[in-house]
Amino acid sequence: MVIRHFVIDETKDSTLSAMYVDGEFCGFILEDGPEKIKIPGRTRVDSGGPYILKPIQTGEFYKKYKAKYSHRFAVLVLGFPRHSAIMYHLLNEVTQTRGCFGPGLNAGRYLTKALYYVRNSEAAYLRFYAKLDKIFDPIKVVFTEDVELYIHRETPWEMFNGVKNVDSF
């Protein structure tokens with residue numbers, strides 16, 4: 001499974017991307033803004049990849065989502081050179097990201113604050129989780145196939161129109 005985030009736009013403090021899973025649009029992703037010097041919990045992850053998704057059965061989000069949705073795992077992303085403990089989780093505002101990825105089915109921008117936001121985060125997260133749950137082996141607590149994440153800081157239109165090569169990472 002290949003997951004790709006393509007930036008749509010960014011402000012000083014927020015980044016809005018489109019998320020595709022195996023080439024299918026799966027929702028928007030809200031992240032923190034770019035920073036040259038990493039500020040813990042306030043700097044988006046670096047572009048590149050492949051980064052590896054790992055199912056985990058510990059931590060705050062696992063406990064919360066297991067209780068509310070009967071989820072069998074939470075989603076951790078590994079391999080970022082400047083970041084650790086990056087996860088996909090429900091949120092609406094960039095102040096809730098803590099450096100992580102917040103999915104949403106709808107997105108917008110506050111004009112007065114110059115910040116992006118997402119809405120319908122629960123529906124987007126559940127859609128994304130369902131895709132991962134299909135390839136989860138609960139006995140081995142692993143995915144039965146590799147799940148790779150690529151972060152592109154080009155727009156999806158540049159990538160899909162051949163301006164940039166999607167397979168160059």
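The values are calculated or read from the model by the stated rules, or taken from the named source; none is laboratory data. Nothing here was measured: the structure is a model prediction, and the numbers come from that model. Cβ atoms come from the backbone with ideal geometry, glycine included; neighbour counts cover every protein chain shown.
Can you pull out the residues in segment 125-149 that are closer than 21 Å to ALA85 by Cβ and not charged (D, E, K, R)?
Across segment 125-149, the qualifying residues are TYR125, PHE128, TYR129, LEU132, PHE136, VAL141, VAL142, PHE143, VAL147, LEU149.
Would you mind finding the one in GLY104, GLY108, GLY79 that is in contact (Cβ under 8 Å) with a residue 60 or more places away in the chain and of a type in the set (Gly, Ala, Ser)?
Result: GLY104 is the single residue among GLY104, GLY108, GLY79 that is in contact (Cβ under 8 Å) with a residue 60 or more places away in the chain and of a type in the set (Gly, Ala, Ser).
Taking interchain pairs and intrachain pairs at least six residues apart, which have beta carbon atoms under 6 angstrom, with the first residue in segment 46-60 and over 18 Å from LYS134 (Cβ atoms) and the second assigned to a strand (DSSP E or B) and among the acidic types (Asp, Glu)?
PRO50/GLU148
Looking at the structure I just gave you, is THR112 out of contact with any Leu (no Cβ under 7 Å at 6 or more places or on another chain), surrounded by 14 or more Cβ atoms within 10 Å (Cβ to Cβ) and of a type in the set (S, T, N, Q)?
no
A quick yes/no check of all residues on (1) closer than 20 Å to LEU90 by Cα; (2) of a type in the set (Asp, Glu); (3) part of a helix (DSSP H, G or I); (4) at pLDDT 95 or above:
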| site | (1), (2), (3), (4) |
| --- | --- |
| TYR117 | yes, no, no, yes |
| GLU122 | yes, yes, yes, yes |
| ARG127 | yes, no, yes, yes |
| ILE139 | no, no, no, no |
| ASP146 | no, yes, no, yes |
| GLU154 | no, yes, no, no |
| GLU158 | no, yes, yes, no |
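What about ALA67, is it farther than 23 Å from GLU145 by Cα and of a type in the set (Gly, Ala, Ser)?
Yes.
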